[in-house]
Structures are given as structure tokens and as C-alpha cells.
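**Student:** Below is a structure I'd like to ask you about.
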Amino acid sequence: MPVDREHVLTEAAALLARRATTSMDEIARAAGISRATLHRHFAGRDALIRALEEHGIERFARAIDAARLDEGDAAGALRRLVREAEPVAGVLAFLFTENQLFENEPVNAGWAQLDARLTALFRRGQEEGTFRVDLSAIWLTEAFYGLLGAGAWAVHEGRVARNDLDHSIAELLLGGIRRSMEK
């Protein structure tokens, strides 16, 4: 029976997002395959993490596409992005913590493209006069990733209700980046 790579990556992401020290044996069991089969497809943890990174990039790119960042005002686009990205938040949080494995390697082109798309959204909000201009669009992109990852962990730990996550992230981020109209 052929191995469903998407299923294996989905199971691995779900486990690793909850517990970064999950073993290859546990991942194989969750995916319904043997450890030997898992190792035939991913020659060790690093290979699995690299595959998960590609998987996470692909899923986050789909979330960005679904959010239609070029439609409407930047604040509305950001709210849609938070909603669409929430299902991949745990995977992204895990990948952010694991990136030290590949620190000395060139930036993955997929991440660079995602960063560029997010940064463009924040620049647009600044040009619209909605977002603060005293913080760089690049910093706002990093803040977005940080809040998304923190939100995923907070839900996992039971400190935040999943139903409150989208609103909490969007409102905190927007409340911190909106330009004050007071003089």
C-alpha cells in the first residue's frame, strides 16, 4: 500500500506542534505506518523537518491566497489572513522554533516569498494611513509571525480558547499598529 505523504506530514505536524520532542516512532504510529516505512520516506528527523518546512510554506501560502490580501483595506485583509492562517499556526510555531537546525543555510526561497507578501500588506496599510509608520513593515511581519505562533501555543496549553484566537491576534496586532489619530 503506498504511503500518503500528505497524511504523514499532517500527522507529524500535529504531533510536533504540540510536543517538539515527539519521537519518529510516535510519528510513525500516528500516521499508521511502521518506523522503517517512515525512514524510507524521511531519512531521519532533519529530513522530516525539511519536508515539514516545505509543507508549512505551502499551507501558509494557500492561507495567504485565501485571505485575498489585495482586496479591500489592509486592516480587513489582515483580519482575513489571521483567520485563514490559524489552522497552520501550530506548524508555523514549531518551524520557527526548529529553524536553528538550518541557521547557516541560505534563507529558503519559499519563506522569502511569504515574507515579501506579508511585508507588502503592511506597507500598503502604512501607505493607506491605517498602520503606524514608525515601525517598519518588516518588523510588523515578524510581529505577525510571533503573535500567530504564541496564539497557537496558548490554545494548545489551554490558556486561550480556540474560538477567541482569531479575534485576539487580529485586535492586538491591529491595536498596536494602527496610527493614532490623536495629536
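**Student:** Could you state the angle between the C-alpha long axis of helix 137-156 and the longest principal axis of the C-alpha atoms of the chain, as a value from 0 to 90 degrees rounded to the nearest 10?
**Tutor:** In the chain, helix 137-156 runs at an angle near 50 degrees to the longest axis.
**Student:** Something else: Hey, can you grab everything whose amide H is under 5 Å from the amide H of Phe131? Only 5+ residues off in sequence or another chain; H modelled, so Pro and N-termini drop out.
**Tutor:** Gln126, Arg179
**Student:** Which of the listed residues, Ala47, Thr10, Trp111, is farthest toward the dipole's positive end in region 1-133, when Lys, Arg count +1 and Asp, Glu count -1 at the beta-carbon?
**Tutor:** Thr10
**Student:** Still on this structure: Volume per residue, Å³, of the convex hull around the alpha-carbon atoms of the chain?
**Tutor:** Convex hull of Cα atoms, per residue: 129 Å³.
**Student:** Given +1 on the Cβ of Lys and Arg, -1 on the Cβ of Asp and Glu, and no further charges, what dipole in debye does region 5-177 carry about its Cα centre, rounded to the nearest 20?
**Tutor:** Dipole magnitude for region 5-177 comes out near 460 debye.
**Student:** A further question on this structure: Calculated from DSSP H runs of 4 or more alone, at -39500 (n - 2.57) each and per residue, what is the 222 nm mean residue ellipticity of the chain, nearest 500? Present the calculation step by step, with values, prior to reporting the outcome.
**Tutor:** Working: 9 runs with 130 residues, N = 183.
Roughly -23000 deg cm²/dmol at 222 nm, from the helical runs in the chain.
**Student:** In addition: What's the local net charge at Ala61, with K and R +1, D and E -1, over the other residues with C-beta under 14 Å away?
**Tutor:** Details: positive: Arg59, Arg62, Arg68, Arg117; negative: Glu53, Glu54, Glu58, Asp65, Glu84, Asp115.
With Lys, Arg at +1 and Asp, Glu at -1, the net is -2.
**Student:** What ranking, highest mean first, results for peptides 27-36, 143-152, 49-58 when packing means the other Cβ atoms within 10 Å averaged over each residue? Could you put the intermediate results ahead of the total?
**Tutor:** Working: 27-36: 16.1, 143-152: 19.8, 49-58: 18.3.
Listed from highest to lowest mean packing, they are 143-152, 49-58, 27-36.
**Student:** Still on this structure, I have one more. Kindly express, to the nearest 10 degrees and within the range 0 to 90, the angle between helix 109-128's C-alpha long axis and the longest C-alpha principal axis of the chain.
**Tutor:** With rounding to tens, the tilt is 20 degrees.
**Student:** If you don't mind, another one. What does the charge count near Ala116 come to, summing +1 for each Lys or Arg and -1 for each Asp or Glu among other residues with Cβ under 15 Å from its Cβ? Mind dumping the intermediate values first?
**Tutor:** Numbers: positive: Arg117, Arg123, Arg124; negative: Asp65, Asp70, Asp115, Glu142.
Once all neighbours under 15 Å are counted, the net charge is -1.
**Student:** Ok, one more. Could you give the angle, 0 to 90 degrees to the nearest 10, between helix 74-85's Cα long axis and the longest principal axis of the Cα atoms of the chain?
**Tutor:** 20
Where a number appears in this text, it was derived from the coordinates with a stated rule and is not lab data. Predicted, not measured: the structure shown is a model, and the values here were computed from it. So basically every Cβ, Gly included, is an ideal-geometry build from the backbone, and we count neighbours across all protein chains shown.
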